[in-house]
Structure formats: C-alpha cells, structure tokens
Amino acid sequence: MYSKDQASQLKQAFWTAFGQYMGPVLSAEGLRTNWINYKTGVKHIYFRTQADNKMASVAIEIAHPDAELQELFFEQFATYKTMLHNTLGEEWQWQLHGKDEYGKIVSRIYTELSPVSIFQQEDWPKLISFFKPRIIALDEFWNDVKVSFEA
C-alpha cells in the first residue's frame with residue numbers, strides 16, 4: 001500500500017512519462033497536441049484517459065449539465081458509431097446517463113483494460129500500449145466529425 005503522497009508521485013511520474021512518450025506524435029491535423037489533457041474544442045465533450053490500481057480506461061465523456069442535451073450529443077455520436085469503431089479498430093461500450101466518480105451524470109463511450117495498475121511500473125508499457133493507439137485514433141475520428149458537433 002502506498003501513502004497518498006507516494007501514490008500521487010507515481011501517478012504524476014506515469015503521466016509525465018506518457019506525455020514525453022507522446023510528445024513527438026502530431027495530431028491528425030499535423031499539430032503538436034497535449035495528449036493527456038486533450039482539448040476537443042467543444043464544451044462538455046472530453047476525451048479522458050484514466051488509470052488506477054485495478055484498470056485503465058479511454059473514454060469520450062459527454063458531461064453537459066442538461067440531461068436532454070447530453071442525450072442529444074450521445075445520439076449524435078451514435079450516428080457515427082460505425083465510423084468510430086472502424087477508426088478505433090474495435091468496438092467500445094456505450095453508456096447513457098451514468099455517474100462519474102463525483103456522482104455527476106455523464107454519458108460515456110469507452111473501453112477498459114484490466115488488470116493493470118498505474119502504481120506498478122512493470123504495467124506502464126501495457127498502459128502506454130493501451131492509451132497511445134486509442135487516443136491517436138480518437139483524434140483522427142474527431143478531426144473528421146468535430147465540425148458537426150460545433151453547430
């Protein structure tokens with residue numbers, strides 16, 4: 001078991017290492033990108049990469065405070081479901097109106113990897129191999145469909 005401070009340092013070390021690893025990778029538009037804190041450019045739509053002591057996940061998170069508008073965004077993503085899955089090379093899970101770790105209602109399109117732990121450095125290559133192709137594919141997908149979500 002790790003102290004809060006040790007756990008925080010390990011998490012920070014992983015995300016720093018991942019950021020350095022992804023640093024040279026350009027976006028689908030050929031631009032430098034902050035892959036860890038990816039900006040979709042559309043309010044209430046986020047790309048999340050998360051890891052803890054049991055699993056890791058990559059998600060499109062729709063966090064609009066209005067549940068009906070959140071559902072509309074979710075349905076809009078559903079119209080691109082085949083394109084998304086083709087770009088990712090795999091099918092993801094779709095969850096309308098779930099709760100995040102803070103109890104807030106969010107909708108998610110996501111995939112998970114387990115068992116892995118961000119606290120085990122020997123799992124870091126697995127985590128990087130999980131995150132890298134998926135966040136790059138999300139960027140490629142988003143580059144093609146973002147304009148339809150901006151309206």
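The values are calculated or read from the model by the stated rules, or taken from the named source; none is laboratory data. From a predicted model like this one, the values you see are computed outputs, not experimental measurements. Cβ atoms come from the backbone with ideal geometry, glycine included; neighbour counts cover every protein chain shown.
To keep it simple, each residue is scored yes or no on (1) in contact with a strand residue (DSSP E or B) (Cβ under 6 Å, 6 or more places away or on another chain); (2) at pLDDT below 95; (3) of a type outside the set (Val, Ile, Thr); (4) within 18 Å of ARG134 (Cβ to Cβ).
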| site | (1), (2), (3), (4) |
| --- | --- |
| MET1 | no, yes, yes, no |
| HIS64 | no, no, yes, no |
| GLN70 | yes, no, yes, no |
| GLN76 | no, no, yes, no |
| THR79 | no, no, no, no |
| ASN86 | no, no, yes, yes |
| TYR102 | no, yes, yes, no |
| SER107 | yes, no, yes, no |
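Could you tell me whether any residue of region 57-80 is within 14 Å of the chain's Cα centre (by Cα) and farther than 21 Å from PHE149 by Cα? Break it down stepwise before answering.
As a first pass, look at region 57-80 and keep what is within 14 Å of the chain's Cα centre (by Cα): 57-63.
With farther than 21 Å from PHE149 by Cα added as a condition, the list becomes 57.
Yes, some residue in region 57-80 is within 14 Å of the chain's Cα centre (by Cα) and farther than 21 Å from PHE149 by Cα.
Restricting to region 1-37, count the residues that are touching a helix residue (DSSP H, G or I) at 6+ places or on another chain (Cβ under 9 Å) and touching a residue at least 40 places away in the same chain (Cβ under 8 Å).
13
Just to confirm my filter: which strands (runs of 3 or more DSSP E) fall fully inside region 44-121 and include at least 2 residues that are without any contact (Cβ under 8 Å) to a residue 24 or more places away in the chain?
Where strands (runs of 3 or more DSSP E) fall fully within region 44-121 and carry at least 2 residues being without any contact (Cβ under 8 Å) to a residue 24 or more places away in the chain, they are 45-51, 93-99.
Test of understanding: among LYS81, LYS132, LYS104, which residue is buried (at least 16 other Cβ atoms within 10 Å of the Cβ), basic (Lys, Arg) and out of contact with any Ser or Thr (no Cβ under 9 Å at 6 or more places or on another chain)?
On the way: LYS81 fails: buried (at least 16 other Cβ atoms within 10 Å of the Cβ); LYS104 fails: buried (at least 16 other Cβ atoms within 10 Å of the Cβ).
So the residue among LYS81, LYS132, LYS104 that is buried (at least 16 other Cβ atoms within 10 Å of the Cβ), basic (Lys, Arg) and out of contact with any Ser or Thr (no Cβ under 9 Å at 6 or more places or on another chain) is LYS132.
Does THR16 count as of a type in the set (S, T, N, Q), within 22 Å of ASP144 (Cα to Cα) and surrounded by fewer than 17 Cβ atoms within 10 Å (Cβ to Cβ)?
So THR16 does not fit the description; no.
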